[in-house]
Amino acid sequence: MSYQALYRVWRPQRFDEIVGQTVITQTLKNAIVTQQTSHAYLFCGPRGTGKTSAAKIFAKAINCPNQKDGEPCNECEICKSITSGQLNDVIEIDAASNNGVEEIRDIRDKAKYAPTQATYKIYIIDEVHMLSTGAFNALLKTLEEPPANVIFILATTEPHKIPATIISRTQRFDFKRITAQESFDRMVYILKQKQVDFEEPALKVIANAAEGGMRDALSILDQTISFGDNEVTLDNALLVTGSVTESLLADYVKQVVAHETTAGLAALQKVLDDGKDAGRFVEDVISYVRDLLLYKEAPDMVTGSDTTGDVFQQLSKNTAPDVFYQMINALNEVAAQLRFTTHPDVYLEVLTVKLAQIYPTQGNIGAVGSSATAVNNAEVEELQTQIQQLKQTVSQLKTSGVQTSPIAGEQSARRQAPTISTSEHSTTNSASTQTTSTVAAPTNQPASTTGTPAG
């Protein structure tokens, strides 16, 4: 038989094997055990979280004659037929390629017939949000009052595109993203079963790169195994995912926080020279800064970064939270812009310069670190001493008395001078004119000479 991908070989065959969806699987098992199953279900959630797998397991469990505690036996003829996709009573339809009214009418007509081998006839409609408006309307009546022994399971990644009239006629289950730790545990189990050597840091890199999808994690793991010749190493995982090492991330963040623009650009150039993906690099920096921020408030929530490193400890201790807020905002803006550009290196260089120019706001300066606090306290004490000395000087001047300056005295005299009436002002001006004339008269007379004038 030809080689099959890991996510196909290790597809869950029991509810207990579905990773990260305990509430949903337990609810479905209890419904099967108590025979309180609904006629229609809606499974929605991100890609690779187990929606289609859960639908197939549900189809096996409800039709299995040997089911126990809501789990299928996977050994009877019906379970094997459903697993191989050969049972006619379990119909899986891709709504992306069968989204017309005629296809839904065909389903409606065939649903009237009783199942041939199984107890229930199960219709699994994947990517149901791709159906047209007419197809949804054609499905509406059948979904509301389906024939006996018929169950519809609708699966989608975009439930907001489904009409409310459809959603109200189903039981909705929201599948959540799978955590990195759950993906890591599942990959460890698979590799041990396959007897493949691996490094735990490599699996952590793969789990973070999967972004909550188990299928994506197994696909990346499959690629890493092929690249490393049946060996999973950290270097191979970094090359396959396009991620960077944590030490390089720590150095980059340390340099931009310290406002060392040149060193930060040099670290960025090294990342680009190694052929790393720009989008992945920005996501890695966001995760690292997020861990730094959480470590200050809730250290137990930090799972992605190594919190024992000296650089991590120093950055978390000596950097104000406001700096991390501004960095995450700037990184998110660039992450959104990178999807529409053909020159990601330019965006990353501008981002590096911008991050290196981020300073804490006035209200958060006191949280920077103990050394900066000590310097600020010394300056405050010195200023207080100077203010005290100035107060003493002013007190002494008040006690001994201070002479008024000439300008101040003149202004004071002007303010205290009495107001002169108009008549008095005219008299004063007249007297002043006469005085001026009297004084100026001798100046206009000719100078006296000795002797008698000429006759």
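The values are calculated or read from the model by the stated rules, or taken from the named source; none is laboratory data. Because the structure is predicted, anything quoted here is derived from the model rather than measured. Positions of Cβ are generated from backbone atoms using ideal geometry, with glycine treated the same way; all protein chains shown enter the neighbour counts.
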For segment 48-66, indicate whether the set of residues that are surrounded by fewer than 20 Cβ atoms within 10 Å (Cβ to Cβ), within 18 Å of Phe173 (Cβ to Cβ) and in contact with a strand residue (DSSP E or B) (Cβ under 7 Å, 6 or more places away or on another chain) is non-empty. yes
From Leu131, Leu140, Leu191, residue being in the same structural domain as Ala237 (by TED's automatic domain parsing) and without any contact (Cβ under 8 Å) to a residue 60 or more places away in the chain: Leu191
Conditions first: (1) without any contact (Cβ under 8 Å) to a residue 40 or more places away in the chain; (2) surrounded by fewer than 23 Cβ atoms within 10 Å (Cβ to Cβ). Cys44 passes all but one, so which condition is the exception? (1)
Residues Thr179, Thr156: which one is within 26 Å of the chain's Cα centre (by Cα), surrounded by 21 or more Cβ atoms within 10 Å (Cβ to Cβ) and β-branched (Val, Ile, Thr)? Thr156
Is at least one residue of segment 196-215 outside the structural domain of Asn230 (by TED's automatic domain parsing) and under 17 Å from Ala54 (Cβ atoms)? no
Picking from Ala217, Ala207, Ala202, Ala237, which residue would you name as being closer than 21 Å to Ser287 by Cα and in contact with a strand residue (DSSP E or B) (Cβ under 7 Å, 6 or more places away or on another chain)? Ala202
Criterion violated by Ala356 - all others in (1) in contact with a His (Cβ under 8 Å, 6 or more places away or on another chain); (2) modelled with pLDDT under 90 satisfied: (2)
Just name the residue that is farthest from Asp284 (Cα to Cα) out of those in segment 220-234 that are acidic (Asp, Glu) and in contact (Cβ under 8 Å) with a residue 12 or more places away in the chain. Glu231
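Give me the residue from segment 326-341 that is under 14 Å from the mean Cα position of the chain (by Cα) and in contact (Cβ under 8 Å) with a residue 12 or more places away in the chain and, out of that set, farthest from Lys276 (Cα to Cα).
Gln326
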